[in-house]
Amino acid sequence: MHARRRPHVSFVILSWGIFCILVTPTLGQMSYLNNGVIRIGVDLSKGGSITYLADAGTGQNMINSYDLGRQIQQSYYSGPSNFDPYNNQHPSWSPWSWNPIQSGDVYGHRGTVLQHSNNQTEIYVKSRPMQWALNNVPGEATFETWIRLEGTAARVRARLTNARTDTAELFSARHQEMPAVYTIGLLHRLFTYQGLEPWTNGTLSEIGHVPPPWVNWRATEGWAALVNNSGWGLGLYRADGTLFIGGFAGTPDTGGPTSSHTGHMSCLFREHLDSNIVFEYEYAIILGWLSDIRTWVYQQPRTTRPTYHFANNRQHWHSQGAFDTGFPIDGSLRFPLAGAPPILIGPPCAFYAADVPTMYIRAAYQTASARTGRLYWELNNEGITGGVFPIEQSMTFTTIPDGEFHTYVLPLESEPSYTGLLSRLRFDPGHGGMSGESVQIQYISATRLPEIETSVTKLERSVYYGTTLSNETFTVRNAGSGTINFSIADDAPWLNVTPSTGTSSGEAKTFNISYSTAGMALGEYNATITVVDPNAINSPRTIPVMLHVRPTMAMRADFDGDGDVDMADFGHLQACYSGSGMPPVAGCENADLDGNNTIDQNDFTLFRQCLSGTNIPVNPLCGQ
């Protein structure tokens with residue numbers, strides 16, 4: 001997967017001998033930031049990749065730029081496995097996948113800077129990458145990079161905006177280097193924390209110089225550092241990542257920025273990269289002594305429980321079997337359930353199981369019948385790159401097949417096997433779906449996200465013409481964590497909800513509904529009550545309201561509509577009499593005064609209450 005960053009010179013054997021492909025660095029066009037502690041620089045002749053990082057006092061550059069595959073830069077992988085649209089793939093890199101990188105290609109053609117700014121606080125670069133294994137083929141994408149300095153560290157934000165026209169296929173997920181970091185040969189000792197008790201200053205591990213040059217491991221504190229023999233060097237930190245790759249190639253303690261001897265480290269995530277995706281990540285690089293690098297990492301804010309909210313991205317989850325419906329992601333991931341069932345695998349993580357007693361899965365199942373969902377967990381770094389998920393480390397739940405979102409609660413702490421370090425999750429939404437069936441997943445989280453819950457989901461009321469409907473109440477509460485601060489609105493002049501705002505940290509708040517119906521004409525009316533808090537997972541929460549303004553009994557008993565209820569009206573009722581349990585015949589539906597689909601003695605009783613006599617106006621309140 002990561003062979004393209006081979007640190008040694010590549011050789012191609014031809015019939016007439018061997019030649020060496022070596023990109024000789026030229027003087028770059030540099031843009032620098034300097035905060036008096038560290039100095040960082042991007043090379044605008046290499047797509048704006050980071051080619052310089054040094055202590056501001058010594059000025060010794062820590063970054064290796066032996067060829068265009070080094071530096072600190074953005075690099076991405078996707079299908080197809082053999083991407084060669086122009087039949088010019090380099091023979092030493094064949095077959096090779098779709099792989100745009102920031103600095104340039106293996107032939108020496110460089111990425112192009114499209115936009116650059118530097119206000120001495122932040123460097124911004126927008127560039128066009130090159131396809132690594134192809135001859136002068138720009139990537140159909142743009143890379144953007146933002147860099148700011150903070151003491152001994154540089155904080156970097158990276159963005160890929162894809163615009164592929166060769167395919168719209170969503171390929172299987174591949175490991176992405178986020179970012180790829182190459183250091184000078186003096187920084188040859190690679191340290192990290194691999195233990196099961198992160199954030200306790202446990203003993204560090206040193207990744208030895210063993211072939212092949214790059215090895216994978218779980219960095220349970222999210223960082224690694226390449227340092228010199230004295231313990232001074234460069235650290236890489238990802239707040240959300242624990243799968244790392246790295247090592248050293250060449251002769252230790254030898255060489256500078258243009259030497260082939262190099263250290264390497266990267267944080268890996270397995271990602272699907274859609275043809276139109278906008279994908280971002282952040283990282284920090286820190287200069288200093290090994291102990292100071294770790295101290296800096298410990299000072300950063302961090303979460304103690306996993307929260308994967310699929311509002312607009314996959315949160316570093318990938319799927320096997322069925323794929324989701326692709327980018328853009330609008331509030332949830334949607335998977336078809338027919339055919340190969342989806343298997344969702346989360347990113348490597350490092351959370352104490354004791355801090356994650358419960359997991360919540362919020363999903364909507366558009367299925368004809370219930371399914372069995374299953375959540376797996378990996379413990380104690382049992383798998384490095386792929387995860388290990390024995391059936392004993394899983395919990396099931398029964399789905400609700402109504403197409404609505406529900407929050408499923410999984411009490412993991414009740415399982416005897418659930419102990420130690422939670423290091424990865426897997427979710428199987430269900431098997432055996434039919435054509436057209438699907439599942440939408442909003443989040444998988446150890447914290448139930450803020451959620452608007454109302455005591456009613458819909459309202460349907462009836463009122464007689466000319467009368468006023470009585471008021472009623474309903475409640476709103478936060479069914480998740482934290483506090484919701486919500487507003488309530490209605491959209492009909494005959495409907496009024498008070499008050500119009502509220503807050504809840506779990507307690508139910510009561511709201512009044514009043515109706516202004518006295519002047520409304522006969523008919524059916526629809527309105528909506530809307531509860532809004534942008535921070536709630538299900539905002540806006542809507543309550544449909546249906547109102548029926550019905551004719552009074554006086555209006556209904558006056559079958560001929562002449563304003564009185566007399567023997568002429570009685571004759572119609574008598575002719576329509578069907579007897580108990582028998583539906584009315586055609587033309588007699590209006591004689592069903594009590595609405596029970598039969599014309600019987602009860603209808604005669606109601607009629608008598610409204611009988612007024614010829615030319616005597618009927619009492620409008622009769623029968624009520």
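Please arrange 251, 165 by accessible surface area, largest first, computed with a 1.4 Å probe and ligands excluded.
Numbers: 251 70, 165 110 Å².
Putting 251, 165 in descending order of accessible area: 165, 251.
For region 392-537, which whole-number percentage of the solvent-accessible area (1.4 Å probe, protein heavy atoms only) is attributable to carbon and sulfur atoms? With neighbouring chains kept in place, the figure for region 392-537 is 48 percent.
What's the extension gain from residue 88 to residue 585 if we count 0.36 nm per residue and subtract their Cα-Cα distance? All intermediate terms of the calculation are to be shown ahead of the outcome.
Numbers: separation 497, 0.36 × 497 = 178.92 nm, distance 8.23 nm.
This chain segment gains 170.7 nm when fully extended.
Candidate cross-link partners of residue 509 among the lysines, defined by an alpha-carbon separation under 29 Å and a same-chain spacing of 8 or more, comprise 458. Once the 1.4 Å probe is applied to the protein heavy atoms, the chain comes out at 41 Å² accessible per residue. For 142, 303, the ranking by accessible surface with the largest value first comes to 303, 142, using a 1.4 Å probe.
Where Lys and Arg each count +1 and Asp and Glu each count -1, what net charge lies around residue 286 among other residues with Cβ under 15 Å from its Cβ?
Details: positive: 39, 148, 155, 238, 294; negative: 55, 150, 221, 282, 292.
Value of the local net charge: 0.
Put a dot 7 Å past the Cα of residue 550, heading toward its Cβ, do the same for residue 470, and the two dots end up 1.6 nm apart.
Please say if region 262-314 is rounded, prolate or oblate, where rounded means a/c under 1.5 for a ≥ b ≥ c the square roots of the C-alpha gyration tensor eigenvalues, and otherwise the choice is prolate for a/b larger than b/c and oblate otherwise? Intermediate results must be reported in sequence, preceding the final value.
Values: a/c = 3.12, a/b = 1.57, b/c = 1.98.
Oblate, since a/c reaches 1.5 and b/c is not below a/b.
The residues packed around residue 193, meaning those with a beta-carbon under 12 Å from its beta-carbon, carry a net charge of -1 if Lys and Arg are +1 and Asp and Glu are -1.
Sort 324, 402 by heavy-atom solvent-accessible area, probe 1.4 angstrom, most to least. Don't skip to the end; give the middle numbers.
Values: 324 15, 402 80 Å².
Most to least solvent-accessible, the answer reads 402, 324.
When the charge dipole of the chain is built from unit charges on Cβ atoms (+1 for Lys and Arg, -1 for Asp and Glu) and taken about the Cα centre, the candidate among 337, 455, 445 whose Cα reaches farthest toward its positive end is 445. Among 482, 579, 593, pick out the residue whose Cα is farthest towards the positive end of the charge dipole of the chain, where Lys and Arg carry +1 and Asp and Glu carry -1 on C-beta, about the Cα centre. About the Cα centre, the residue reaching furthest to the positive side is 482.
Compute, for region 453-508, the length of the dipole vector about the Cα centre, with Cβ point charges of +1 (Lys, Arg) and -1 (Asp, Glu) only. Units Debye, rounded to 20. Walk me through the numbers before you get to the answer.
Details: 3 positive and 6 negative charges, 8 e Å.
That gives region 453-508 a dipole magnitude of about 40 debye.
By accessible area, using a 1.4 Å probe on protein heavy atoms only, region 542-624 has 57% of its surface on carbon and sulfur. With R₀ set to 30 Å, the beta-carbon distance separating residue 404 from residue 311 gives a calculated FRET efficiency near 0.95. Cα gyration tensor of region 187-300, axes a ≥ b ≥ c as square roots of the eigenvalues: rounded (a/c below 1.5), prolate (a/b > b/c) or oblate? Oblate, because a/c is 1.5 or more while a/b does not exceed b/c.
Mean separation of Cα pairs under 8 Å and 6 or more residues apart, divided by the residue count, gives region 363-405 a relative contact order of 63 percent.
Tally the DSSP beta bridges in the chain and give the antiparallel ones as a percent, rounded to 5.
On the way: 163 of 170 bridges.
The antiparallel proportion sits near 95 percent.
Cα centroid separation, region 309-387 to region 587-606: 57 Å.
Can you work out the FRET efficiency for the pair residue 483 and residue 461, with r the C-beta to C-beta distance and R0 = 25 Å, to the nearest 0.05?
Working: r = 32 Å, r/R0 = 1.27.
Using R0 = 25 Å, I get an efficiency of 0.20.
Residue separation of residue 150 and residue 526 scaled by 0.36 nm, minus their Cα-Cα distance, works out to 129.7 nm of gained length. Calculate the FRET efficiency for residue 165 and residue 624 from the Cβ-Cβ distance with a Förster distance of 60 Å, rounded to the nearest 0.05. It comes out at approximately 0.30. Out of 252, 224, 269, whose Cα points farthest toward the positive end of the dipole of region 209-280 (charges: +1 Lys, Arg; -1 Asp, Glu; placed on Cβ)? Working it through, the farthest residue towards the positive pole turns out to be 252.
Scattering from the chain was approximated by placing one identical point on each alpha carbon and applying the Debye formula without solvent; log10 I(q)/I(0) at 0.05 1/Å stands at -0.36.
Pairs of Cα atoms nearer than 8 Å and 6+ residues apart set the relative contact order; for region 218-350 it is 25 percent. Taking the Cα centre of the chain as origin and assigning +1 to Lys and Arg Cβ atoms and -1 to Asp and Glu Cβ atoms, the resulting dipole is close to 3000 debye.
Note down the relative contact order for the chain as a percent, whole number, built from C-alpha pairs under 8 angstrom at least six residues apart.
Working: 1661 pairs, mean separation 51.7, N = 624.
Worked out over the chain, it gives 8 percent.
In plain terms, the C-alpha convex hull of region 410-501 casts an average shadow of 11.7 nm² when viewed from every direction.
What does the charge dipole of region 322-383 about its Cα centre add up to, to the nearest 20 debye, if the Cβ of each Lys and Arg holds +1 and the Cβ of each Asp and Glu holds -1?
Using only the charged Cβ atoms, the result is roughly 280 debye.
Cross-link reach is defined here as a Cα-Cα straight distance under 17 Å, omitting same-chain residues fewer than 8 places apart; for residue 126 the lysines meeting it are 46.
The values are calculated or read from the model by the stated rules, or taken from the named source; none is laboratory data. On a predicted model such as this, the values are computed, not experimentally measured, just so you know. Note: ideal-geometry Cβ built from the backbone for every residue, glycine included; neighbour counts use all protein chains shown. The protein model used for the area step is the full one, side chains on, heavy atoms only, and it has no ligands, DNA or RNA in it. Shrake-Rupley method; radii C 1.70, N 1.55, O 1.52, S 1.80 Å.
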